[in-house]
Amino acid sequence: MVHTRVHPWPRLALLCSLCGILLGLFTGLGYADAGQAPAPASVEGVPGSATHRPVRPADTYTGLTIDVRDFGAKGDGRTDDTAAIRAAIKAAHERRRIPQHPKYGYFTSFAEVYFPNGHYLISDTIDINAVKLRGENYAAIEQTNPEKDIFHTPNAWRQLIEGLTFLGGKVQLNLNNPNVDTGHVTVRDCHFYNSADVAVRVKVVSTFVKVENCVFVNCEQAIFISTDLSVVRDLWISTSPRMKNKAAIVNGGGCMHIENLLGVPRVSRGPVEWARLDGLKRIASDQRWIDNHGIVHVRNCRFGGEGGGFPAVCNFARFESRDILTEVSIADSYLYNAQDAAVVLKEVPNKLSVVNCSGLPDAVIVRVDPSLNLDTYLDKASVSIDIRNTRATWGEGLPEQLWPYRVGEIQAHAPPTKGNWRRGQFVRNLNAEGRWTLAGFEKAATPALDQPWGWLCTESGKPGTWAPVRFTSGEVLPPASLAR
């Protein structure tokens, strides 16, 4: 067999050529020779360091996520970042896309302004111009001027604000629109501290609004929303003792759903004086949890009793006779209040419902404003009142004029003397067997069979005509006027 020997010199020549190419590349990158290492990273902010972020020209952006640091924001808790944040928002606004599809109409791609974790100081209100705002790990934005809002826009449409902390200022998020169709505004995973006015104010039309998974601490008010439909859920609210004759949450109109709220009140006692139905006068706070000017549904909430608590809902929405009705509905909630009522009615809504609630050790369920003349106020009213499985030490608190509108069984110690009743309504006699008092059950003074089972309205009117209904041989004997 003949062995052929391969000469090594061609391989060595190829290796030398590759080394030459690599040496040329290093030299082209600016090093004096291949053995010189790059300069080490220097102090943050110094050109040439690994952490230095030069201000980036706005026209160099091609994506839809814009970092405020690229526009000069420091987030160091010392520098005024107002101008830098405005520049970043302007760049984001210019990059949003609203194309029009010939088949589906307008659709949008909004740019996002991103706040890395830090403490950003501003000294003036910033128009966020309908862009998305996102913070890293609750990046803080502090307004140093207590007379100025933090963020404002007159054109809130499809907007998302998340992951930020807001400190100080007047209104922290002030979102508005004139009347735009298919609007959707969401504020989520944000923290709000020490606003001099309401922390989140949203006044929009044809827009769905959500505020969720947020924390509010020591704000003059937490939330004001006026829109078609809003959802407020998964919140912690610690109120401010500065709040006078106001509510932590205001439904300014439309339908609002509130659920999974944990509230801690910081109560300032007085100056509201009111009287129970038995005439005993009480002094209560003028603070409230919720003011309603439309429809409000409350579920699975804890309104705390620290300092005695205050009312869960104060209703300002009067009953309507048209298609757009008003409503207060509270279910499955802890309504702790030891000085007033769970619900205060400045006006009587079309529907009032308090079901499966607790926490009223020294209060009533409902208190009606004494300025309402209920003898005439309810004429032609379409009202429904449903109070079930909810007890308060001093009873429901419903004036007699509201009894005719109760859903379910109506109970009393005597035939009604007030209210606009309808023929066929029945009132059960609480004295037929006795009655419950704070001291326990008191047996009736006369045998149960000597008491009527109740009273039946035989003629409509104020208060109507009433006839007793009695037991006879175990059967109910109706009044003669209804037997024929």
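Quick note: the coordinates plus some simple rules give every number you see, no bench work behind them. From a predicted model like this one, the values you see are computed outputs, not experimental measurements. With ideal geometry, Cβ positions are generated from the backbone for all residues, glycine too; neighbour counts draw on all protein chains shown.
Relative to the current alpha-carbon distance between ASP379 and LEU229, full extension at 0.36 nm per residue lengthens the span by 51.0 nm. Listed by chain and number, the lysines whose alpha-carbon sits under 27 Å from that of LYS281, ignoring those within fewer than 8 places in the same chain, are LYS244, LYS246, LYS346, LYS418. The length gained on full extension between ASP362 and ARG188, counted as 0.36 nm times the residue separation minus their Cα-Cα distance, comes to 59.0 nm. Fully extending the segment from LYS244 to GLU409 would add 55.5 nm, taking 0.36 nm per residue of separation and subtracting the current Cα-Cα distance.
Summing +1 for each Lys or Arg and -1 for each Asp or Glu among the other residues whose beta-carbon sits under 15 angstrom from that of ARG406 gives +1.
Working note: Karplus 6.51/-1.76/1.60 with θ = phi - 60° gives region 451-463 the couplings 8, x, 5, x, 9, 10, 7, 9, 8, 5, x, 10, x Hz, where Gly and Pro are set to x. Between VAL113 and ILE66, LYS132, LEU133, ARG134, the built amide H atoms are under 5 Å apart, and every one of these is 5 or more places off in sequence or on another chain.
Applying 1/(1 + (r/R0)^6) with r as the Cβ-Cβ distance of SER371 and GLU147 and R0 = 30 angstrom yields a FRET efficiency of 0.30. Packing order of peptides 153-166, 380-393, highest average first: 153-166, 380-393 (average count of other Cβ atoms within 10 Å over each peptide's residues).
Placing a label point 7 Å from the Cα of ARG302 along the Cα-to-Cβ line, the residues of region 335-379 whose backbone N sits under 13 Å from it are 335-336. Modelled label positions at ASN389 and ASP332, each set 7 Å beyond Cα in the direction of Cβ, lie 1.0 nm from each other.
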